[in-house]
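As structure tokens, the structure follows; a few thoughts come after it.
The values are calculated or read from the model by the stated rules, or taken from the named source; none is laboratory data. Bear in mind the structure is a predicted one, so any value in this text is a computation, not a measurement. Here the Cβ positions follow ideal geometry from the backbone for every residue, glycine too, while neighbour counts run over all protein chains shown. For accessibility, only protein heavy atoms count, side chains too; no ligands or nucleic acids. Shrake-Rupley method; radii C 1.70, N 1.55, O 1.52, S 1.80 Å.
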Amino acid sequence: MNAINKLSPKRWWYLMPVIFITYSLAYLDRANYGFASAAGIDRDLGITKGISSLTGALFFLGYFFFQVPGAIYAVKRSVRKLVLCSLILWGLCATATGLVSNIPTLMVIRFTLGVVEAAVMPAMLIYISNWFTRAERSRANTFLILGNPVTVLWMSIVSGYLIHAYGWREMFIIEGLPAVLWAAVWWYVVRDKPSEVSWLNAREKQALANAMEQEQQGIKPVRNYGKALRSGNVIKLCAVHALWSIGVYGLMMWMPSILRSAAKIDIVSVGWLSALPYLAAITLMLLVSWASDKFQNRKLFVWPLLLLASVAFFSSYLLGDAHFWLSYGLLVLAAACMYAPYGPFFALIPELLPKNVSGVSMGLINSCGALGAFLGAWLVGYMNGLTGSPGASYTFMAVALLASVFLMRQVRVHTDSEPTPIAEVSHSG
């Protein structure tokens with residue numbers, strides 16, 4: 001632990017702001033569709049409720065198919081080049097959304113946006129695993145994923161005002177341009193490996209390399225991707241993330257529409273109310289990531305929070321619109337508890353798998369999360385449109401989260417006194 005404490009803190013100051021802003025821009029351009037839906041894109045383009053939910057969810061279908069290829073490129077080639085191309089392309093796709101005039105074009109753009117953003121999350125997780133040690137990784141992952149709730153926090157407010165002042169088309173155009181501009185900053189600042197930067201001296205680079213090599217010694221080798229991806233832990237973590245994402249993205253995509261329908265309020269007020277759950281999420285994420293790194297018990301900071309989110313969804317359903325503010329408070333709690341475990345969850349993966357396969361495994365796990373996000377964004381919107389209330393969708397999200405809790409508890413995590421679970425994979429056929 002003393003050796004880790006001597007590692008250069010400059011990594012945090014040089015890298016985390018860039019990582020945070022990059023992922024924030026990705027989230028901005030995928031989450032603002034919910035506001036466009038609440039503001040009248042369906043009416044203007046003649047979109048039915050069923051088509052609206054499918055269109056919003058198509059992003060995640062594109063995201064699902066290209067996670068693993070993106071992760072393989074990031075491992076074998078370059079995170080820096082991959083994210084540069086992604087930034088430019090997703091910014092252009094997001095801006096183009098403001099120019100659409102028909103439903104098929106909108107569907108193609110949403111799907112394409114998912115394709116070009118697909119590589120960002122696994123690439124960033126791989127990048128963090130190359131620069132930060134096991135004792136730091138939960139906090140580093142959390143700073144990455146904080147780009148999600150922080151962005152939705154301010155985006156909820158800004159999008160409400162932009163739509164109120166200009167319209168949903170202008171919102172897409174204005175919010176799509178920053179990603180294209182940021183691509184130049186990313187290319188100038190980021191390098192793939194510690195050995196390539198000038199702001200670490202030779203001693204600092206060697207200390208980091210030694211720490212990374214030392215933590216890999218406790219993990220049994222796995223010869224290829226196929227054996228890693230077929231391991232019991234990876235399969236369980238894929239299912240956990242898929243079920244968990246149903247709740248996260250079901251709420252994120254359709255909260256503006258749910259709030260506007262339940263409370264009969266204007267779009268600016270919807271923006272402010274949509275922001276509060278993400279403020280709570282930010283606070284809890286920081287606390288949980290610190291505790292996870294301090295106690296080095298990742299599972300303990302994942303499944304109990306998902307269980308609490310499940311209970312909050314079901315309780316909000318029981319209260320209904322008649323008790324709007326109590327129901328809304330439970331949604332704030334559910335959002336905070338769903339976001340808080342991300343840092344520990346993604347810190348767990350490189351602790352179960354050796355470096356040569358952990359990056360692609362993270363791509364597969366996040367890919368399954370995208371499939372869950374597709375189902376959540378589509379079915380939650382569809383249920384809300386079909387029933388005219390969010391009750392059925394709250395129950396659906398609660399059950400999905402409860403199933404993720406059960407599977408998360410089945411994940412085998414080794415301790416220093418036990419053989420690593422992945423050992424069984426290295427001997428399998």
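Within the range 105-133, if we keep just the residues that are without any contact (Cβ under 8 Å) to a residue 24 or more places away in the chain and closer than 19 Å to PHE65 by Cβ, the residue that is least open to solvent (accessible area, probe 1.4 Å) turns out to be ILE109. The number of residues in the range 304-351 that are open to solvent by 60 Å² or more (accessible area, probe 1.4 Å) and of a type in the set (Ser, Thr, Tyr) comes to 1.
Considered as a group, the residues in the range 356-371 that are over 11 Å from the mean Cα position of the chain (by Cα) and farther than 15 Å from TYR73 by Cα include one that is least open to solvent (accessible area, probe 1.4 Å), and that residue is ILE365.
Among the residues making up the range 239-277, those that are among the β-branched types (Val, Ile, Thr) and in contact (Cβ under 8 Å) with a residue 24 or more places away in the chain are VAL240, ILE246, VAL248, ILE258, ILE267, VAL268, VAL270. Applying the condition of being assigned to a helix (DSSP H, G or I) and among the β-branched types (Val, Ile, Thr) to the range 269-303 and asking which residue is most open to solvent (accessible area, probe 1.4 Å) yields THR283.
Taken together, the residues in the range 220-260 that are within 30 Å of LEU326 (Cβ to Cβ) and modelled with pLDDT under 70 amount to 0. Checked against the criterion of being farther than 20 Å from GLY372 by Cα, hydrophobic (A, V, I, L, M, F, W, C), surrounded by 19 or more Cβ atoms within 10 Å (Cβ to Cβ) and in contact (Cβ under 8 Å) with a residue 60 or more places away in the chain, the range 51-59 contains not a single residue that satisfies it. Within the range 3-35, restricting attention to residues that are modelled with pLDDT of 90 or more and among the basic types (Lys, Arg), the residue that is farthest from LEU113 (Cα to Cα) is LYS10. The residue that is most open to solvent (accessible area, probe 1.4 Å), counting only those in the range 70-104 that are under 16 Å from MET124 (Cβ atoms) and of a type in the set (Lys, Arg), is ARG77.
SER37 meets all of the listed conditions (1) small (Gly, Ala, Ser); (2) over 17 Å from PRO104 (Cα atoms); (3) part of a helix (DSSP H, G or I) but one, namely (2).
When ILE47 is tested against (1) open to solvent by 10 Å² or more (accessible area, probe 1.4 Å); (2) assigned to a helix (DSSP H, G or I), exactly one condition is not met: (2). Listed by position, the helices (runs of 4 or more DSSP H) contained in the range 311-429 that have at least 2 residues being within 23 Å of VAL240 (Cα to Cα), touching a Cys at 6+ places or on another chain (Cβ under 7 Å) and modelled with pLDDT of 85 or more are 355-387.
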